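What follows is a short report on a single structure.
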């Protein structure tokens, strides 16, 4: 038996992007035994900006004739015991007049994250993963880490970041965007 057949018979086939291969009859049998699981989504929060920048529900305009267009995302979705928070920017003009530096922006974004999580029945202690997009990370990451410390109790959540130029952040003045996955007890 060649190596590929051996690996396939063990239900392990880690080849270029292939997930573990499970024979279809075993997979079908498991579905019958456990029942078909379908993820359920519940919108917890419409917008993380605090404003009306991404409403997800059409609302009538002042004269009541034409609905406003639906937004393209939700601020927070719950599926089972998991919460998925969409990107929270470091600065929203309706909340603060000046954008501030990276430390001001990370504190603002983490305070908003905490508010959203608590509103959904969770907390910063329940955050599993954080991802950030940081403008000019070589310049900003050390100062960001200084301000980031202390927001999450031990064990801290896993974290990753993507760097980009300030011109790619969507609006002038924004230095970061942060999102997370958390659980609800």
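From the list 125, 120, which residue is in the same structural domain as residue 83 (by TED's automatic domain parsing), closer than 19 Å to residue 81 by Cα and buried (at least 18 other Cβ atoms within 10 Å of the Cβ)?
Numbers: 125 fails: buried (at least 18 other Cβ atoms within 10 Å of the Cβ).
The match here is 120.
Run down 77, 106 and say which single residue is in a helix (DSSP H, G or I), in contact with a strand residue (DSSP E or B) (Cβ under 7 Å, 6 or more places away or on another chain) and crowded, with 17+ Cβ neighbours inside 10 Å. Walk me through it before giving the result.
On the way: 77 fails: in a helix (DSSP H, G or I).
The unique qualifying residue is 106.
Please enumerate the residues belonging to the range 132-172 that are out of contact with any helix residue (DSSP H, G or I) (no Cβ under 6 Å at 6 or more places or on another chain) and assigned to a strand (DSSP E or B).
132, 133, 158, 159, 160, 161, 162, 164
Checking the conditions here, which among 114, 129 is in a helix (DSSP H, G or I) and at pLDDT 95 or above? Working first, answer last.
Numbers: 129 fails: in a helix (DSSP H, G or I).
Only one candidate passes the filter, namely 114.
For the range 144-173, what are the residues that are at pLDDT 95 or above and closer than 22 Å to residue 95 by Cα?
144, 147, 148, 151
Looking at (1) touching a strand residue (DSSP E or B) at 6+ places or on another chain (Cβ under 6 Å); (2) free of Cβ contacts under 8 Å to residues at least 12 places away in the same chain, which is the only condition residue 145 fails?
Result: residue 145 fails condition (1) only.
Is it fair to say residue 183 is surrounded by fewer than 18 Cβ atoms within 10 Å (Cβ to Cβ), in contact with a strand residue (DSSP E or B) (Cβ under 6 Å, 6 or more places away or on another chain) and in contact (Cβ under 8 Å) with a residue 60 or more places away in the chain?
Considered against the rule, which asks whether it is surrounded by fewer than 18 Cβ atoms within 10 Å (Cβ to Cβ), in contact with a strand residue (DSSP E or B) (Cβ under 6 Å, 6 or more places away or on another chain) and in contact (Cβ under 8 Å) with a residue 60 or more places away in the chain, residue 183 comes out as yes.
Of the residues that sit in the range 173-185 and are touching a helix residue (DSSP H, G or I) at 6+ places or on another chain (Cβ under 8 Å) and outside any strand (DSSP E or B), which one is farthest from residue 104 (Cα to Cα)? Explain how you work it out, then say what you get.
Residues of the range 173-185 touching a helix residue (DSSP H, G or I) at 6+ places or on another chain (Cβ under 8 Å): 174-178, 180, 182-185.
Keeping just the survivors that are outside any strand (DSSP E or B) gives 174-175, 184-185.
On the way: 174: 11, 175: 10, 184: 28, 185: 30 Å.
Ranking the candidates gives 185 first.
Do the conditions hold for residue 140, that is, is it touching a strand residue (DSSP E or B) at 6+ places or on another chain (Cβ under 8 Å) and either in contact (Cβ under 8 Å) with a residue 40 or more places away in the chain or surrounded by 13 or more Cβ atoms within 10 Å (Cβ to Cβ) (or both)?
On the way: touching a strand residue (DSSP E or B) at 6+ places or on another chain (Cβ under 8 Å): yes; either in contact (Cβ under 8 Å) with a residue 40 or more places away in the chain or surrounded by 13 or more Cβ atoms within 10 Å (Cβ to Cβ) (or both): yes.
Judged against the criteria, residue 140 is a match.
The values are calculated or read from the model by the stated rules, or taken from the named source; none is laboratory data. As the structure is a prediction and not an experimental result, all values here were calculated from the model. FYI the Cβ positions are ideal-geometry reconstructions off the backbone, even for glycines, and counts take in every protein chain you see.
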